[in-house]
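As structure tokens, the structure follows; a few thoughts come after it.
The values are calculated or read from the model by the stated rules, or taken from the named source; none is laboratory data. Since the structure is predicted, the reported quantities are computational estimates derived from the model, not experimental observations. Here Cβ is always computed from backbone atoms with ideal geometry, including for glycine, and neighbour counts include all displayed protein chains. Keep in mind that these areas ignore ligands, DNA and RNA; they rest on the heavy atoms of the full protein, side chains included. Shrake-Rupley method; radii C 1.70, N 1.55, O 1.52, S 1.80 Å.
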Amino acid sequence: MSHWFHRNPIKPTEFAKFELKGVLTTDTTSKICGELRLRRDKLLSHFKNAANDLTEVNTDFTEYLRLFAGFLVEIQPPGSNKEAGEKNSKLIPLQRFKWGNSMLVSTPTEVSDAWFEALSMIQNMAIWLTKHAAWVAGKDEVRDSEAKECLQCLRQASGMFSYVKDESSRLSGANDNEGSDFDPKVQETYILTAIAEAQEIIVARAIEMKHNDLLISSLSAHTSSIFSKADQCLSNLPDEIFSRWRKYLQLKHHFYLAYAYAFLGQSQLSEDKCGDAVRSCKTGMSEYSIAKEMAAMYAVAPGPGSRIKPEQHLFFRKIEPLLNRHLEKAERENGFIYHQKVPDEVATLDSEITYGIAKPEEFKYPRPAEIWNTAVYAAFDISKATMPDFSKMKKSSKKLDSVQEEKIYQTEKDPNNSSGCVIA
């Protein structure tokens, strides 16, 4: 989808040395820390380019988390019960990590807690998945398998954002920094945005496959409602930072309302309810006008992230002639034949559907790498460690440079299909 998905920046982070000095008493413990340093750098490098191979990035992401697992949970002997395996690792506070935020670009936070590293890395992976989905959707031609990959990436991202939100209670002070990536309002917005964008693909597919008009109307209304909920999560956060993101969510909310009323009107026309169809189409035109206003406001709104041009996309441009066509037919037929009263109130949209709904894909932290066992875990001698800083998460006094990301390619070609969506 050319100029269709707004994307926030990748989170920056400080280099992590994993130098634990006297704590590392064997070659294996030293090897783990050395590999963590290398794997971390490689994974962060992947995040700079949305066009990187999905399988390779997924593999390197999973392998880093598996190797890092011993810093999160106590390694138990084979056959131990699950509850024992969930004990906190003695290594959690040994390494201090510093991470920036996707929205508060100049306000990094730091804490001596391995869970901060793990959850921040999962957030970054989720953000990268949304960027990869945008890259896939921005190709000149998108095959069916790639459209499924795009949908899958967005569902995975939503599941990862949900996991981070659920696990954030592990971090002391995580909620203290309003607008950070650990602010529950920001986390919920990321969850909803990813799943709303996955829902967009389903709507476009339903239009392309010419499914029932009422189904398309309901799917569009449902998608609109998710974007609206995402926007509401950010309502109390500073406009100078979050305005651009909010305008994106608002334009999508009104745009899909326009589609919902367009297909409701089409359904009413097929049932000879011309008066109702006139009202639906006029309401759809009003929503489309608001979406265009939101797009213009988005173009100049402050805040981090990419600037897109949704109003130039064919999927956006097709809705106005669609509404005009239905409205002209409804008014013509109503004037000649039916003479029905045009109601003052538009019919209620049905957004409570039970099928055709995109859902987050549940994320589970992977099991520890094979190199971890009880002997290796015991060989980390924390009695030799410098006294950790057990204070809660706090703002860092030193800023981090933003990540230099590769620009995501977006085609300028109009798709050659009926929906106007390249990934339908």
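Numbers for the structure displayed
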| quantity | calculated |
| --- | --- |
| Unit Cα scatterers, Debye sum, segment 271-358: log10 I(q)/I(0) for q = 0.12, 0.14, 0.16, 0.17 Å⁻¹ | -0.53, -0.68, -0.81, -0.87 |
| Most fluctuating residue given options Ala378, Ala299, Ala126, as computed from a GNM of the chain linking Cα atoms under 10 Å | Ala378 |
| Hull-based mean projected area of segment 103-217, where the convex hull spans the alpha carbons, in square nanometres | 8.6 |
| Segment 162-296: relative contact order in percent, alpha carbon pairs under 8 Å with at least 6 residues between | 22 |
| Expected 222 nm ellipticity per residue - DSSP helices of 4 or more, -39500 (n - 2.57), all of the chain, to 500 | -17000 deg cm²/dmol |
| Whole-percent carbon and sulfur share, accessible surface of segment 255-341, 1.4 Å | 51 |
| Once the Cα gyration tensor of segment 274-316 is diagonalised, semi-axes √(5λ) in Å | 29, 11, 6 |
| Lys/Arg +1, Asp/Glu -1 at C-beta; segment 173-301 dipole; positive extreme among His254, Ser280, Ser220 | Ser280 |
| Over the chain, volume per residue of the alpha carbon convex hull, in Å³ | 142 |
| Carbon and sulfur %, accessible surface of segment 48-188 computed with the full protein complex present, 1.4 Å | 44 |
| Using alpha-carbon coordinates, inclination of helix 144-167 to the longest axis of the chain, degrees | 60 |
| For the chain: accessible area per residue (Å², 1.4 Å) | 44 |
| Calculated log₁₀ intensity ratio I(q)/I(0) where the Debye formula runs over C-alpha points of segment 209-347, q = 0.15 Å⁻¹ | -0.73 |
| Positive-pole candidate from Ile32, Ser45, Trp4, dipole of segment 1-53, charges at beta carbon | Trp4 |
| Segment 348-377 versus segment 274-293: alpha-carbon centroid distance in Å | 39 |
| Centre separation in Å (Cα based) which lies between segment 235-267 and segment 78-154 | 27 |
| Segment 38-132 shape via C-alpha gyration tensor axes, a/c threshold 1.5 | oblate |
